[in-house]
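**Q** This is the structure, below, for whatever I ask next.
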Amino acid sequence: MNIKQTGRFLAAALLSLAAVGCQGEEPSQGDSVSTQEAASKAQCIEGFNGIRNCATGNAQLSKSEKGIAVSGLKSVKSDGIASTFPRASTWSMDAAIGGLGDTGQGLALAARDGNQVVSTLTIGLGGERDQMQLAPSFTGTPGGSQYRAYIYSGGHLQGTTNVMNYDRFLNPWWWDFYWYWWPIRIGFRNHLSLGYNDPISQGACVWSLRGGPQAFSIDVNGRRISGDEIELVEEVGNGHYPYTSFSSIEVRAAASEFTVLGEAITPAKR
């Protein structure tokens, strides 16, 4: 498996985390709070399916024939789009994104329940052309949850990585990733167990990326696997409790083009 060790994706607050389940920590006085405050004062519009979209940082939103255009994306630390909605168990966004290779900053996503950070995903640029760095953080285990990557093609599982520590990231290749994605679906969900034999824990957080046929490839245990979807699935530690909803997703980026083509949620069961 092509992975590298890194410790920069988890803050000190996460390392001292005492929460359980997919439950998140109270945000620190950093990017999380400043982004929320910026969103409360920013330009907001009603997007797809009644979802409220707000610009963050220096970003601006405008509606077009294709969807919602997000401009002014200069810094992955601050500029992007924040979506808020009633309690949900799944979220997905279809987007066309261009020019990620211009600045080399990539994307950063955060799922929240109110003021709590539930999970994050950093999508960076790797050392080779078209290579990605996927660095998720999960909060279902004190100190950070481990996770696995599941690779699918046409809905069929192609392979699964070994369990990975929270401070490691994946390096898949995504065709033309540096310059253009058309289209891509980014998703997040809180897993609801389907039964005793379900390998994914109740309340586990799951990030997903979906592209066209054979969109990406990844080395797993010395074997190259190709597919159209990858899921990063939290391994919830002992003592957790099910956490089955969230209320907002933030997507920040440094990109020359970002158009939201569609967005949807599944309401959480009361």
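The values are calculated or read from the model by the stated rules, or taken from the named source; none is laboratory data. For clarity, every value in this text was computed on a predicted model and none was experimentally measured. Note that each Cβ is placed from the backbone with ideal geometry, even for glycine, and that neighbours are counted across all protein chains shown. Quick note on the areas: whole protein, heavy atoms, side chains included, nothing else; ligands and nucleic acids left out. Shrake-Rupley method; radii C 1.70, N 1.55, O 1.52, S 1.80 Å.
**Q** Would you say Thr120 is out of contact with any Ser or Thr (no Cβ under 7 Å at 6 or more places or on another chain), open to solvent by 30 Å² or more (accessible area, probe 1.4 Å) and touching a residue at least 24 places away in the same chain (Cβ under 8 Å)?
**A** Details: out of contact with any Ser or Thr (no Cβ under 7 Å at 6 or more places or on another chain): no; open to solvent by 30 Å² or more (accessible area, probe 1.4 Å): yes; touching a residue at least 24 places away in the same chain (Cβ under 8 Å): yes.
Criteria not met by Thr120.
**Q** Let me ask something additional. Of all residues in segment 123-144, which are open to solvent by 10 Å² or more (accessible area, probe 1.4 Å) and among the hydrophobic types (A, V, I, L, M, F, W, C)?
**A** Listed by number, the list holds a single entry, Leu125.
Rundown of residues vs (1) open to solvent by less than 10 Å² (accessible area, probe 1.4 Å); (2) in a strand (DSSP E or B); (3) within 17 Å of Leu121 (Cβ to Cβ); (4) touching a residue at least 40 places away in the same chain (Cβ under 8 Å), yes/no style:
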{"residue": "Trp207", "(1), (2), (3), (4)": "yes, yes, yes, yes"}
{"residue": "Gln214", "(1), (2), (3), (4)": "no, no, no, yes"}
{"residue": "Ser226", "(1), (2), (3), (4)": "no, yes, no, yes"}
{"residue": "Gly237", "(1), (2), (3), (4)": "no, no, no, yes"}
{"residue": "Ile249", "(1), (2), (3), (4)": "yes, yes, yes, yes"}
{"residue": "Thr259", "(1), (2), (3), (4)": "no, yes, no, yes"}
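**Q** Can you name the condition, by its number, that Lys66 falls short on among (1) part of a strand (DSSP E or B); (2) surrounded by fewer than 17 Cβ atoms within 10 Å (Cβ to Cβ); (3) touching a Leu at 6+ places or on another chain (Cβ under 8 Å)?
**A** (1)
**Q** Follow-up question, since we're still on this one. Could we say that Tyr147 is among the hydroxyl-bearing types (Ser, Thr, Tyr), crowded, with 19+ Cβ neighbours inside 10 Å, within 16 Å of the chain's Cα centre (by Cα) and in a loop (DSSP other than H, G, I, E, B) here?
**A** no
Okay, residues lined up against (1) at pLDDT 95 or above; (2) assigned to a helix (DSSP H, G or I); (3) over 17 Å from the mean Cα position of the chain (by Cα):
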{"position": "Val33", "(1), (2), (3)": "no, yes, yes"}
{"position": "Ala38", "(1), (2), (3)": "no, yes, yes"}
{"position": "Leu73", "(1), (2), (3)": "yes, no, yes"}
{"position": "Pro86", "(1), (2), (3)": "no, no, yes"}
{"position": "Asp94", "(1), (2), (3)": "yes, no, no"}
{"position": "Gln105", "(1), (2), (3)": "no, no, no"}
{"position": "Leu109", "(1), (2), (3)": "yes, no, no"}
{"position": "Leu121", "(1), (2), (3)": "yes, no, no"}
{"position": "Gly124", "(1), (2), (3)": "no, no, no"}
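**Q** Shifting gears a bit: Identify the residue in segment 41-63 that is assigned to a loop (DSSP other than H, G, I, E, B) and open to solvent by 60 Å² or more (accessible area, probe 1.4 Å) and, among all such residues, is farthest from Ile123 (Cα to Cα).
**A** Among residues in segment 41-63 that are assigned to a loop (DSSP other than H, G, I, E, B) and open to solvent by 60 Å² or more (accessible area, probe 1.4 Å), the one farthest from Ile123 (Cα to Cα) is Gln43.
**Q** Those residues that are open to solvent by less than 10 Å² (accessible area, probe 1.4 Å), more than 24 Å from Asp102 (Cα to Cα) and either modelled with pLDDT under 75 or among the polar types (S, T, N, Q) (or both), I need them from segment 166-205; list them, please.
**A** Asn190
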